[in-house]
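Worksheet: the structure to be examined is printed underneath.
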Amino acid sequence: MTKRVALVTGAGRGVGQAIARALCQHGWAVAVTDVDIRAAVSSAASIETDHEPGWGETLALALDVRMADSWAFALSETRARFGRVSALVNNAGISPRGGVEDTSLALWEHVLAVNLTGAFLGIQAAWPDLVQTRGSIVNIGSTRGSRPMRNLVAYGVSKAGLEALTRQVAIEGLKVGVTCNCLAAGWMDTPGERLIQASLGRPDFPAGLVNLIPLDHLGQTVAFLLAPHARHLNGVTLHLDSGLHIADHADLIFQPESRAPTSSAFQSTSNPSSPNPPESN
């Protein structure tokens with residue numbers, strides 16, 4: 001393999017952009033993909049603007065992770081530009097609030113389609129490349145996959161499923177040299193989270209918080225998981241959350257209110273009909 005090639009989903013902003021940037025810094029050629037092509041182009045341009053000697057290249061692509069044909073297109077374009085994919089980072093995700101009583105079937109199906117089915121479709125589509133390159137997969141999970149919080153029923157279940165998918169794929173990759181790990185992230189300051197917090201009455205988010213996870217720290221941790229010296233990590237869920245998975249507050253000064261959001265709160269963050277829903281971990 002002459003070139004390390006990664007495809008990162010939901011890389012138009014926030015977490016995904018930080019991951020794409022970190023991989024470029026480590027010499028990876030990166031397909032910067034997002035459901036919003038304008039965000040993908042802007043993100044790739046931002047990374048290229050900061051380009052330094054030794055950095056890898058970028059390619060901006062539209063990718064709706066819920067659609068198998070969209071995956072086929074993105075992988076075809078990536079191969080044509082860089083060659084076979086040797087790393088897949090499933091980061092695209094949405095985190096609308098909603099409890100058991102107020103989560104509609106449409107919202108439930110939309111969250112699982114993006115956060116869980118999207119990752120499965122990507123793994124399935126990229127599998128031939130990953131087998132050829134003996135590549136690696138990193139799924140971006142959440143502390144809420146193992147430590148639930150009220151009003152995150154669809155999100156929490158989707159991230160728990162992502163951890164199970166990680167272990168299953170790791171098992172199936174043993175004989176063909178493909179590794180799969182999950183990076184369970186804690187609370188981060190992302191564009192999508194700012195929208196949600198504003199809808200819940202916290203327009204000043206993240207003022208007053210400590211122990212937020214810096215986006216560049218998460219990006220560099222993904223780069224570590226894809227490095228040769230991490231090759232024997234497989235089927236692991238690594239918590240990058242300041243200890244949130246072992247302590248309800250982890251010294252965070254406040255948590256979102258445990259109350260059901262209004263219907264208007266969903267419209268800007270999780271409406272399945274929205275053309276460009278925010279993507280975050």
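The values are calculated or read from the model by the stated rules, or taken from the named source; none is laboratory data. Remember, predicted model here, so these are calculated numbers, not experimental data. Please note: Cβ atoms are built from the backbone with ideal geometry, for glycine as well, and neighbour counts cover all protein chains shown. Each accessible area value is taken on the protein alone, full model and side chains, heavy atoms only, with ligands, DNA and RNA left out. Shrake-Rupley method; radii C 1.70, N 1.55, O 1.52, S 1.80 Å.
Worth pointing out:
- Selected residue [crowded, with 20+ Cβ neighbours inside 10 Å and either modelled with pLDDT of 85 or more or of a type in the set (S, T, Y) (or both)] from G219, G235, G192: G219
- Of all residues making up the range 15-38, the number that are open to solvent by 10 Å² or more (accessible area, probe 1.4 Å) and closer than 22 Å to D64 by Cα: 7
- Within the range 119-133, residues that are of a type in the set (V, I, T) reach partners that are in a helix (DSSP H, G or I) with beta carbons closer than 6 Å, at six or more positions or on different chains, in the pairs I123/V169; V131/V176.
- Enumerated helices (runs of 4 or more DSSP H) restricted to the range 62-150, each holding at least 2 residues that are at positive phi, among the basic types (K, R) and open to solvent by 20 Å² or more (accessible area, probe 1.4 Å): none
- Note on the range 133-191: among residues that are within 24 Å of V85 (Cα to Cα) and among the acidic types (D, E), the one that is farthest from the chain's Cα centre (by Cα) is E172.
Here's the yes/no breakdown for (1) over 18 Å from the mean Cα position of the chain (by Cα); (2) assigned to a loop (DSSP other than H, G, I, E, B); (3) over 13 Å from V8 (Cβ atoms):
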{"position": "A22", "(1), (2), (3)": "no, no, no"}
{"position": "G27", "(1), (2), (3)": "yes, yes, yes"}
{"position": "V30", "(1), (2), (3)": "no, no, no"}
{"position": "A39", "(1), (2), (3)": "no, no, no"}
{"position": "P53", "(1), (2), (3)": "yes, yes, yes"}
{"position": "G56", "(1), (2), (3)": "yes, yes, no"}
